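Structure, as structure tokens:
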Amino acid sequence: MFSSFSVLKPRINIYIHQRWERFKFFRITNVTKFRKDLDKYYPRVTSSEKTKKDLKDIDARPGGNLNITSNGIGFNKAGLRELDIIETIGDPHFDQGSQVKEKDLLGDMAEYRKVFKTDGGHHGVFIICSG
């Protein structure tokens, strides 16, 4: 399923505010098993269309108890390379690899946790939120 960036690109969502969110960073250690498991997870990923509908519902019922749940997955450049997806996406900051390399250039003076300080420390993130 995930053989090129063109398959992933339509799944890029806009940010939705939520009451609860968790990020689970991952590293791919077995590409064949990961692809198989990803095929099972992929139907749970919230589409852009559902996100737009959820935003309209939130706008129509501000403060309402809507029980909206969203699931997402994101890959960094190292993760896409691990999956043999080598196309560029046209964003020079993403395409060059980890933004840690550009930390000073971007004016980012934050102290990163160890997992984020090196290029390739993880391959992506699962995002689960409810709002």
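Quick notes
- When you work out D = kT/(6 pi eta Rh) for the stretch 20-131 at 20 °C and 1.002 mPa s, using the Kirkwood radius from C-alpha pairs as Rh and the Stokes-Einstein form, the result is 131 µm²/s.
- Solvent-accessible surface (1.4 angstrom probe) belonging to VAL125, in square angstrom, nearest 10: 20
- Set of aspartates and glutamates with alpha-carbon distance to LYS52 below 20 Å, sequence-local pairs under 8 removed: GLU21
- For the residues LYS56, LYS103, LYS77, a 1.4 Å probe over the protein chains yields an accessible-area ranking, largest first, of LYS56, LYS103, LYS77.
- Solvent exposure of LYS53, expressed as accessible area, is near 120 Å², computed with a probe of 1.4 Å over the protein chains only.
- Accessible area of GLU49 in the full protein assembly, 1.4 Å probe (Å², nearest 10): 120
- For LYS24, the shell of other residues with beta-carbons less than 14 Å away shows a net charge of +1, using +1 for Lys and Arg and -1 for Asp and Glu.
- Under Karplus coefficients 6.51, -1.76 and 1.60, residue-wise ³J(HN,Hα) of the stretch 44-52 in Hz, glycine/proline x: 7, 5, 6, 6, 4, 4, 5, 4, 4
- Solvent exposure ordering (accessible area, 1.4 Å, most first) of ARG35, ARG61, ARG113: ARG113, ARG61, ARG35
- For the set ASP84, ASP57, the ranking by accessible area, highest first and with no ligand, DNA or RNA atoms included, is ASP84, ASP57 under a 1.4 Å probe.
The values are calculated or read from the model by the stated rules, or taken from the named source; none is laboratory data. Here the structure is a predicted model, which is why all the values come from computation and not from measurement. Note that each Cβ is placed from the backbone with ideal geometry, even for glycine, and that neighbours are counted across all protein chains shown. Only protein heavy atoms, including side chains, enter the accessible area calculation; ligands, DNA and RNA are left aside. Shrake-Rupley method; radii C 1.70, N 1.55, O 1.52, S 1.80 Å.
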